[in-house]
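Each remark here refers to the structure printed beneath this line.
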Amino acid sequence: MEREAVLVGIDVGTSKVCALIGEVSRDGRLTIMGHGTVPASGLKKGVVINIDQTVRSIADAVERAERLSGWKIDRAFVGVGGQHVESLNSPGQVAVTGHHREVTREDVNRAIEVARAVSIPSNREVLHVERRGFTVDGQEGVKDPLGMSALRLEVETHIVTASATAVQNLSKCVAAAGVKIDELVVNSLASADAVLTETEKELGVGVADFGAGTIDLALFQDGSPFHTRVLPVGGANVTNDVAIGLKTSLQVAEELKVRHGTCDLRSVTDDDEEISVSVLGEDAGRTVSRLEVCQIIEARMRETFELMRNEIRAAGVGMLPAGIILTGGASQLAGAAELGREVLQMPVRVAAPAGIGGLVDTLLNPSYSTAVGLLQWGAASLGASEPLRYESAPARGVLGRLRDALRSIFP
Ligand SMILES: Nc1ncnc2c1ncn2[C@@H]1O[C@H](COP(=O)(O)OP(=O)(O)OP(=O)(O)O)[C@@H](O)[C@H]1O
Ligand SMILES: [Mg+2]
């Protein structure tokens with residue numbers, strides 16, 4: 001296989017940090033060469049609240065991925081989450097200059113600059129300016145206007161912003177772990193790359209990455225995103241409700257949820273089904289009814305889907321014909337798709353990353369959609385005709401370092 005580039009993705013999640021090393025071939029195929037996942041402890045709802053702990057988690061994950069692959073990580077695509085992520089749609093219009101009144105790359109860039117010039121407070125950082133489509137002399141729905149004859153060019157953009165300080169804290173942690181940032185990518189758009197098809201994006205679809213502390217949401221229409229949001233609820237809220245409702249530890253509640261939980265109450269037919277658990281402050285164990293566990297889970301999940309439904313309505317979308325694609329660790333809860341369908345009144349399915357080769361055993365799981373998506377995002381941004389943007393960095397010995405040093409003297 002001819003190698004195009006070696007890329008790294010780091011998903012700094014509320015419950016885990018995952019670093020992946022992937023090789024992109026010339027035809028765009030992605031092969032995973034290294035993987036490190038460690039539990040995270042320095043984040044709350046997707047936002048860094050403890051620098052030291054977060055640096056340690058990132059460094060651990062990176063080191064594991066390096067050891068497994070024999071490659072050295074020095075730069076990475078890094079995911080951004082947290083409720084501070086917001087989005088808006090902004091148009092930009094310019095007159096087509098140039099000799100023959102043909103749209104050039106420069107006209108496109110100027111139009112995007114105009115769209116970008118929308119006032120964004122200084123405490124916000126712009127993460128993405130996605131071009132949604134162009135209008136050429138009043139003709140809407142143009143995907144690529146280059147070379148078209150026109151007097152007027154208008155672009156519609158989707159701009160994703162985040163809190164500048166939250167982004168700075170995350171960047172600081174990544175830098176302290178010894179990694180440079182190729183690009184900061186909002187989690188939902190990374191996950192979308194891992195689980196959505198082009199057809200779904202054209203039709204109209206949403207991705208909801210259901211994590212531990214948050215739901216990363218991105219809605220697509222006509223092939224591109226038009227609404228990006230983060231809801232401040234996740235699987236940890238479900239676990240928490242079970243722990244409070246049944247007076248157990250979080251650990252016991254998590255196990256009850258994962259092993260016995262479902263949000264499809266119709267499937268809990270046997271009223272007498274009992275599960276024995278150990279309870280805080282009691283020596284002897286006790287039993288709880290599975291129905292009771294599942295009722296707590298169902299109530300929280302229903303509320304969560306209602307929140308999602310309100311968010312989708314607030315986005316002003318009439319229909320999402322391809323529905324909502326659930327992913328993220330918490331999407332694995334039994335019955336999640338069924339309940340989602342009932343509450344959202346649209347198609348819902350659970351998806352895991354697909355279309356990758358190499359070390360994929362554990363990665364074909366919804367928990368890894370953001371991490372895999374970061375690599376796919378990076379692969380897409382390579383661009384077929386562009387020269388290698390990301391030079392490979394095999395674990396460097398003395399010779400390699402010497403060569404690097406010489407290169408910096410005699411470039
Ligand atoms: N089999 C399972 N059934 C139900 N829930 C599960 C299962 N496996 C994991 N979870 C839940 O998934 C959540 C973790 O998901 P994930 O790894 O996507 O989160 P994260 O990326 O660390 O968090 P966030 O995206 O919110 O920052 C936890 O709440 C966990 O309870
Ligand atoms: Mg996540």
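Residue by residue, here is whether (1) farther than 19 Å from A334 by Cα; (2) of a type outside the set (V, I, T); (3) in contact (Cβ under 8 Å) with a residue 12 or more places away in the chain; (4) more than 14 Å from ligand 1 (Cβ to nearest atom) holds:
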site	(1), (2), (3), (4)
A194	yes, yes, yes, no
D216	yes, yes, yes, no
F220	yes, yes, yes, yes
T239	no, no, yes, no
V242	no, no, yes, no
V252	no, no, yes, no
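Any residue at all in the stretch 116-127 that is assigned to a loop (DSSP other than H, G, I, E, B) and either basic (K, R) or at pLDDT 95 or above (or both)?
The answer is yes, given that some residue of the stretch 116-127 is assigned to a loop (DSSP other than H, G, I, E, B) and either basic (K, R) or at pLDDT 95 or above (or both).
Just give me the residues in the stretch 85-126 being under 30 Å from E311 (Cα atoms) and loosely packed, with under 12 Cβ neighbours inside 10 Å, in sequence order.
Result: A117, S119, P121, S122, N123.
Check the stretch 123-143 and report whether any residue there is touching a residue at least 40 places away in the same chain (Cβ under 8 Å) and over 26 Å from the mean Cα position of the chain (by Cα).
yes
I'd like to check which helices (runs of 4 or more DSSP H) are fully inside the stretch 178-276 and have at least 3 residues that are within 30 Å of R29 (Cα to Cα) and at pLDDT 95 or above.
In the stretch 178-276, 187-195, 198-203 are the helices (runs of 4 or more DSSP H) which contain 3 or more residues that are within 30 Å of R29 (Cα to Cα) and at pLDDT 95 or above.
Of all residues in the stretch 200-216 being closer than 17 Å to M346 by Cα and of a type in the set (V, I, T), which is farthest from ligand 2 (Cβ to nearest atom)?
Restricting to residues being closer than 17 Å to M346 by Cα and of a type in the set (V, I, T), the top hit is V205.
Quick check on the stretch 297-310. Is at least one of its residues in contact (Cβ under 8 Å) with a residue 24 or more places away in the chain and more than 16 Å from ligand 1 (Cβ to nearest atom)?
Checked against the condition, which is being in contact (Cβ under 8 Å) with a residue 24 or more places away in the chain and more than 16 Å from ligand 1 (Cβ to nearest atom), the stretch 297-310 yields at least one hit.
Just to check your reading of the model, which residue among R29, R56 is of a type in the set (D, E, K, R) and either farther than 30 Å from L217 by Cβ or at pLDDT 95 or above (or both)?
Only one candidate passes the filter, namely R56.
Anything in the stretch 67-107 that is in a helix (DSSP H, G or I) and more than 30 Å from E140 (Cβ to Cβ)? List them, or say none.
Listed by number, the residues that qualify are R67, L68, S69.
Within the group G81, G70, which residue is over 30 Å from F134 (Cβ atoms) and buried (at least 17 other Cβ atoms within 10 Å of the Cβ)?
Result: G81 is the single residue among G81, G70 that is over 30 Å from F134 (Cβ atoms) and buried (at least 17 other Cβ atoms within 10 Å of the Cβ).
Could you look through the stretch 328-367, keep only residues that are hydroxyl-bearing (S, T, Y) and buried (at least 19 other Cβ atoms within 10 Å of the Cβ), and pick out the one that is nearest to ligand 2 (Cβ to nearest atom)?
S367
Determine the pairs where a residue that is surrounded by fewer than 19 Cβ atoms within 10 Å (Cβ to Cβ), located within the stretch 50-61, has a partner that is at pLDDT below 95 with Cβ atoms under 8 Å apart, the partner being 6 or more residues away or on another chain.
Close Cβ pairs satisfying both conditions: N50/S41; Q53/S41.
What pairs come up if the first residue lies in the stretch 83-101 and is on the phi > 0 side of the Ramachandran plot, the second is buried (at least 18 other Cβ atoms within 10 Å of the Cβ) and not in a strand (DSSP E or B), and their beta carbons are under 9 Å apart, counting only those six or more places apart or on different chains?
G98/D107; R101/A150
The values are calculated or read from the model by the stated rules, or taken from the named source; none is laboratory data. These figures come from a predicted structure and were not determined experimentally. Glycine also receives a Cβ, built like all others from the backbone with ideal geometry; neighbour counts cover every protein chain displayed.
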